[in-house]
Amino acid sequence: MRHQNTVLHDVLKRIPWDVFDRLVEQQGSDYRVRRLSTKDQLVALLYGQLWGAASLREITAGLESHGARLYHLGSRPVQRSTLADANAHRPSAVFAELFSTMVSRAHRGLRRAIGETVYLIDSTGIPLNELSRDWARYSAKVCGAKLHLIYDPDADQPIYAAITPSRSPDITVAQQMPIEPGATYVFDLGYYDYAWWAGMAQAGCRIVTRFKRNTPLVVVTELPLPKGSTILSDRIGHLPQRQSHNRHNPFQDPVREVRVMTDTNKVLRILTNDLDASAKEIADLYKRRWAIELFFRWVKQTLKIGHFLGTSHNAVRIQIIVALIAFLLLRLAQLAQNVIKSPLAFARLVRANLMLRRRIDRLLDNDPPLHYDERQMAIQWN
């Protein structure tokens, strides 16, 4: 009989294990390790993400019950205390670099002209309990972390991620993000920084964001409006020469204000340095920001970044990065079949069939009926 690997094996084969082994060697994460290799740690955490395990005990018990099926993964069951220690002390850089490599390889297949590249920047808060107060305290009774992302809505995947304590300002993290010259970046009010905008404009980037309510615009030109649209005004002008505390504003380029009425009768003042595109195109670009909100919602509902397996900064960081790796693996596995179109439905079917010996494109198939030899007598009793 032809051997059939488990669904978990099929999903994890998309990990570049050669790169992972090199990262483990570079970081020395397996140095003097006897019980739990970094690969076993990664497989255990990915199993927990894909299966939806809520605790270390669930992960270790589940892996132990399927110990024989871990052989073809080159892995083995783990002990709870050993896994907890690994999450607390193994370098998270191994997982972060693996995520970056997988993102770059997946993103490489999406070839577009630079001017058509649109990236969304945003962050989401992740609540933590009091046990993480030594590094994640936000106020007297609140602890939390932040996941900062650059998200590609056309590829439907993140291309950059950073995890910080929730007290870290969004703009401080954004200033460390890699910027692709010539691309379009869409972001909200958390990234209101004239110097950062000036640097992006100097790199040839198009920016689309919102005006703060109290930011004036020195109008130079009024542009005509399209008939029958929700565009209320379209103007070109300059931002204030001075910032607060009488500082010089480094962003002196002309900007454009597009005022648009939303479906909820709210007026948005959209700011951009693109003086040539139509007002509708600018409004539609800002509307695309909703895609990253949907991504955050999907990850929080489908993967495990709401309940943490450890309390240290390293353990929380590893769990979030592994969740993002699990997201990439699910996306890549879904692209390998054309039966299940919904990402959420596919993730649920992977979870339901995770340790079954079944092809990834046969998740909806029923089990074949049992065939009996008619020459064999069958005895049935109640």
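The values are calculated or read from the model by the stated rules, or taken from the named source; none is laboratory data. The model shown is predicted, which means the values in this text are computed figures rather than measured ones. Cβ: placed from backbone, ideal geometry, glycine included. Neighbour counts: every protein chain shown. The protein model used for the area step is the full one, side chains on, heavy atoms only, and it has no ligands, DNA or RNA in it. Shrake-Rupley method; radii C 1.70, N 1.55, O 1.52, S 1.80 Å.
Look through K287, K280, K266 and report the one residue that is open to solvent by 80 Å² or more (accessible area, probe 1.4 Å) and touching a residue at least 24 places away in the same chain (Cβ under 8 Å).
On inspection, the qualifying residue turns out to be K280.
Of the residues that sit in the range 73-89 and are in contact (Cβ under 8 Å) with a residue 60 or more places away in the chain and over 13 Å from K39 (Cα atoms), which one is most open to solvent (accessible area, probe 1.4 Å)?
Per the criteria, the residue is H89.
For V299, are the conditions met, namely being open to solvent by less than 60 Å² (accessible area, probe 1.4 Å) and closer than 20 Å to G228 by Cβ?
In short, no.
Okay, residues lined up against (1) open to solvent by less than 20 Å² (accessible area, probe 1.4 Å); (2) in contact with an Asp or Glu (Cβ under 9 Å, 6 or more places away or on another chain); (3) assigned to a helix (DSSP H, G or I):
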position: P178; (1), (2), (3): no, no, no
position: Y185; (1), (2), (3): yes, no, no
position: G199; (1), (2), (3): no, no, yes
position: G204; (1), (2), (3): no, no, no
position: I207; (1), (2), (3): yes, yes, no
position: P216; (1), (2), (3): no, no, no
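For the range 29-50, which residues satisfy the criterion of being in a loop (DSSP other than H, G, I, E, B) and open to solvent by 40 Å² or more (accessible area, probe 1.4 Å)?
Matches in the range 29-50: D30, Y31, R32, V33, R34, R35.
Only one of these conditions is not met by R137: (1) surrounded by fewer than 20 Cβ atoms within 10 Å (Cβ to Cβ); (2) out of contact with any Cys (no Cβ under 6 Å at 6 or more places or on another chain). Which number is it?
Status for R137: all satisfied but (2).
Looking only at the range 302-348, how many residues end up being of a type in the set (G, A, S), surrounded by 20 or more Cβ atoms within 10 Å (Cβ to Cβ) and assigned to a loop (DSSP other than H, G, I, E, B)?
Final tally of qualifying residues: 1.
Could you please find all residues in the range 187-197 being open to solvent by less than 10 Å² (accessible area, probe 1.4 Å) and without any contact (Cβ under 8 Å) to a residue 40 or more places away in the chain?
Across the range 187-197, there are no qualifying residues.
Mind telling me which of the residues S92, S123 ends up being in contact with a helix residue (DSSP H, G or I) (Cβ under 8 Å, 6 or more places away or on another chain), more than 22 Å from R22 (Cα to Cα) and touching a residue at least 40 places away in the same chain (Cβ under 8 Å)?
The conditions single out S123.
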